[in-house]
Amino acid sequence: MLAKLQKDRLGNSTKALKLTKEATTFQPNWGEPYILLGLIHASSGRLFDSKSFDRKAIIWAAIDMWNIALKDPETSDEAKRLIEKYTRYQPTKADCFMRNLQLGDRYTIDCIGYTTTVRYKQSE
């Protein structure tokens with residue numbers, strides 16, 4: 001609740017991120033903090049330059065969090081919905097090719113210190 005308040009009402013994503021990560025240590029199987037972590041990561045894309053690769057790659061971090069939330073029956077439907085919604089914002093195969101990244105490679109998003117797996121936006 002405190003993390004949601006920090007993010008939604010006070011606009012303090014940094015504090016919300018810290019509180020949410022703390023919540024995951026107390027109840028690692030609870031999906032709600034992972035839903036919020038994903039939303040924080042997804043909304044962080046706007047902080048990057050519009051041409052920045054990490055603007056799209058940060059969606060990978062968000063999807064990773066929602067994949068964890070899928071394991072909690074109370075948050076699985078919301079996690080599925082968010083994954084479906086945000087998958088279209090991840091990097092394309094061409095974006096990754098330009099950076100010599102292949103499907104399944106590990107990639108670190110430096111600004112958040114998070115390492116994730118490369119995947120591609122599906123062709124539309």
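The values are calculated or read from the model by the stated rules, or taken from the named source; none is laboratory data. These numbers come from a predicted model, not from an experiment. In this analysis, Cβ positions are derived from the backbone assuming ideal geometry, glycine residues included, and neighbour counts consider all displayed protein chains.
Here are a few things to note about the model shown:
- Residues in segment 22-44 that are more than 19 Å from Glu78 (Cα to Cα) and surrounded by fewer than 19 Cβ atoms within 10 Å (Cβ to Cβ): 3 in all.
- Residues of segment 43-55 satisfying the condition of being part of a helix (DSSP H, G or I) and either among the polar types (S, T, N, Q) or out of contact with any Lys or Arg (no Cβ under 9 Å at 6 or more places or on another chain) (or both): Ser43, Ser44, Asp54
- A single entry from Ile35, Ile40 fulfils the requirement of being modelled with pLDDT under 90, under 10 Å from the mean Cα position of the chain (by Cα), of a type in the set (A, V, I, L, M, F, W, C) and more than 20 Å from Lys121 (Cβ to Cβ): Ile40.
- Filter pass, Gly104 being in a loop (DSSP other than H, G, I, E, B) and among the small types (Gly, Ala, Ser): yes
- Ala61, sole failed condition from (1) in contact with a strand residue (DSSP E or B) (Cβ under 7 Å, 6 or more places away or on another chain); (2) under 21 Å from Thr25 (Cα atoms); (3) surrounded by fewer than 19 Cβ atoms within 10 Å (Cβ to Cβ): (3)
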